[in-house]
Amino acid sequence: MESGTHFYSLRPASPMSSHPVLPEDVLLEIMAASSPPVCARFMRTSHFYHDRELGPRVLLSHPSLRKEDSLLSFLDFIHAQPDIRFSFITSLDLSFQLSHDASLRLSNAVPHMHKLRHLTIHAGESVLVHHKLGSAIASLTSLRELCISDADDTSLDLLRSLRVQLTRVHLDFDRGRSLTCFDEYMSMDEWDQYHPALLLEHSASTLEHLSANRWSTSPDDPLEMSPVYYKMRVLETMNTTLPFTQPWIRAYPNLERLAFTTYPGSRQMGENNDPESWRAMNLSDQLEECTWRRLREFEGTVFDLYLLGLAGEVDHVVLREVWTAHLHMLGPALVHVRPRILELDGWPGDLRQSPPDGRFSVFQEEGMARLEELTIDGRLSVTEHTHVDVGSVMEDLLSALASCQALRTLTITVWTEWLQDGQAWGERKVQPEDWLPLLQTEGTLERFDPAEGLMRLQQAVPTLARATVTLKGVRRRPSRTVVLEGGSVRVQVSPGSLA
């Protein structure tokens, strides 16, 4: 031991011991708060910790099995005291492909895990190919949360055969290939029988959270009838097919959070399915019937919010992929949504143009009437913005925000890493030499000082309590952050760095 280093013994004290000894009840509390590896080391020190229920209970509470030998060791440990240790397994995480023999052993063990509530399978395509294991999982009555990645048709079959009522489901059908099981093994006419609202019918009275990636539903015919999931609060369906909004509203009437994006390939709409017609269909369905009344949060792209045609107010909206090509959709997409909190991953106007009503006239539209918090992550790119006057753009933006009379918090970040040539900057990860002349955009960014504009904005919008503008430094130059708060402005400068 190094000088000055002290340790506490885990062994019973002897009359001649010179080391302090912690009471057993304190050590048991430490073990209860320890990670499984630390708990295992505790258990190896003494039969007292090994034989007590606490050690195995902690060790088996959240087993994350990354290799087959870990699984076999895990099963051996359980079978040493099966009557006790099976009851300690409440969560199981499998992250590897199973051999036939290992799958048989696990298949025989799973039905005895009568308190298993959380199951995560990271290699669904490879694990659930063992049909006996899928049958064993389907027989569980305690399962409440199921997460499967690399999912395929065997995962769908498992969902169909489950006997339990789930509260949370996550399925990711992206297997690292361009095609999913919907494309490879089914015709489009078969997709509807695997619609999540139908496939999870056994959990209609309990399901609260459903998230899915690349789960395809029919793009031609909306689901007419489905069970109603009154407890569903969160729906996250990413990279899916074109949306029919009304069937989701009927199936999940009490939704509070919706995250939705279409798969890029499905955005190539035919002549009779243009975005305007699709939005009009979804919007009119809601206005004629109903829309979500409890929806408080939406996350997706401008394109997808436009297609969904949401007809009710949503407090918090996060928009990704705010691209120039979709800017004409931004105002209409927000007209009924009217968010209080808005986060934009992109500029809310075309920086290259200066129309009569301003680059950022969207802030004068009805959809911005309730806006209290605004975050903009604006990127300057070599493909669009090499000849942009950043000072003029920012002055226009701050002037346009004067229309938002409820605004309380403003955060703007101007990113510059995409302003350089892709090969010199992106692929090789190097900065251009300092002697290269600045682009017009870089020069105007260097000269721009947002302090005066922020002060004018606060005078125009008395509710504004805090505003932050961060200008990322070009090349290796420092970044500047200007903060307006309490009527005063302060500037923070941070060192420049490589992208």
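The values are calculated or read from the model by the stated rules, or taken from the named source; none is laboratory data. Just so we're clear, the structure is a prediction, and the values are computed from it rather than from any experiment. Heads up, the Cβs are rebuilt from the backbone with ideal geometry, glycines too, and the neighbour counts pull from every protein chain shown. Accessible surface is based on the protein model in full, side chains and every heavy atom, while ligands, DNA and RNA are left aside. Shrake-Rupley method; radii C 1.70, N 1.55, O 1.52, S 1.80 Å.
A compact table of results
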read-out	value
Output for the stretch 312-363, where each listed residue is touching a helix residue (DSSP H, G or I) at 6+ places or on another chain (Cβ under 9 Å), open to solvent by 20 Å² or more (accessible area, probe 1.4 Å), modelled with pLDDT under 95 and in a loop (DSSP other than H, G, I, E, B)	Glu321, Trp323, Asp350, Arg352, Ser354, Pro355, Asp357, Gly358, Arg359
Filter result for Thr386 (hydroxyl-bearing (Ser, Thr, Tyr), under 20 Å from Leu471 (Cα atoms) and modelled with pLDDT under 90)	yes
Condition check for Arg57: at pLDDT 50 or above, surrounded by 10 or more Cβ atoms within 10 Å (Cβ to Cβ), assigned to a helix (DSSP H, G or I) and in contact with a Phe, Trp or Tyr (Cβ under 8 Å, 6 or more places away or on another chain)	yes
Condition check for Ser107: surrounded by fewer than 16 Cβ atoms within 10 Å (Cβ to Cβ), free of Cβ contacts under 8 Å to residues at least 60 places away in the same chain and among the hydroxyl-bearing types (Ser, Thr, Tyr)	no
First in the stretch 384-397 and in a loop (DSSP other than H, G, I, E, B), second anywhere and crowded, with 19+ Cβ neighbours inside 10 Å, Cβ under 6 Å, 6 or more apart	His385/Leu351; His385/Thr441; Thr386/Leu439; Thr386/Thr441; Val388/Leu351; Val388/Thr441
Those residues of the stretch 138-164 which are open to solvent by 10 Å² or more (accessible area, probe 1.4 Å) and over 23 Å from Trp191 (Cα atoms), in sequence order	Ser139, Thr141, Ser142, Arg144, Glu145
Residue ranges of helices (runs of 4 or more DSSP H) in the stretch 72-147 with at least 2 members at pLDDT below 95, over 19 Å from Ser161 (Cα atoms) and of a type outside the set (A, V, I, L, M)	82-85, 100-109
Some residue of the stretch 290-311 being open to solvent by 20 Å² or more (accessible area, probe 1.4 Å), over 22 Å from Leu374 (Cβ atoms), in contact with a Phe, Trp or Tyr (Cβ under 8 Å, 6 or more places away or on another chain) and at pLDDT 95 or above	no
Helices (runs of 4 or more DSSP H) (entirely within the stretch 179-265) containing at least 2 residues that are modelled with pLDDT under 90	181-185
Every residue from the stretch 237-251 that is open to solvent by 30 Å² or more (accessible area, probe 1.4 Å) and either in contact with an Asp or Glu (Cβ under 8 Å, 6 or more places away or on another chain) or farther than 18 Å from His170 by Cβ (or both)	Asn239, Arg250
Some residue of the stretch 31-39 being in a helix (DSSP H, G or I), modelled with pLDDT of 85 or more and in contact with a His (Cβ under 8 Å, 6 or more places away or on another chain)	no
Only one of Glu208, Glu256, Glu184, Glu201 that is farther than 22 Å from Glu145 by Cβ and open to solvent by 40 Å² or more (accessible area, probe 1.4 Å)	Glu184
Verdict on Val474 being open to solvent by less than 30 Å² (accessible area, probe 1.4 Å) and modelled with pLDDT of 90 or more	no
Pairs with Cβ under 9 Å, 6+ apart, first in the stretch 81-97 and in contact (Cβ under 8 Å) with a residue 12 or more places away in the chain and buried (at least 19 other Cβ atoms within 10 Å of the Cβ), second assigned to a strand (DSSP E or B) and of a type outside the set (Ser, Thr, Tyr)	Leu92/Leu65; Leu92/His118; Leu92/Leu119; Leu92/Ile121; Leu94/Leu65; Leu94/Leu119; Leu94/Ile121
Among residues of the stretch 154-163, those that are assigned to a helix (DSSP H, G or I) and modelled with pLDDT under 90, counted	0
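For every residue, the table says whether it meets (1) crowded, with 17+ Cβ neighbours inside 10 Å; (2) of a type in the set (Ser, Thr, Tyr); (3) modelled with pLDDT of 90 or more; (4) over 33 Å from the mean Cα position of the chain (by Cα).
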{"residue": "Ala424", "(1), (2), (3), (4)": "no, no, no, no"}
{"residue": "Val469", "(1), (2), (3), (4)": "yes, no, yes, no"}
{"residue": "Pro478", "(1), (2), (3), (4)": "no, no, no, no"}
{"residue": "Val489", "(1), (2), (3), (4)": "yes, no, yes, yes"}
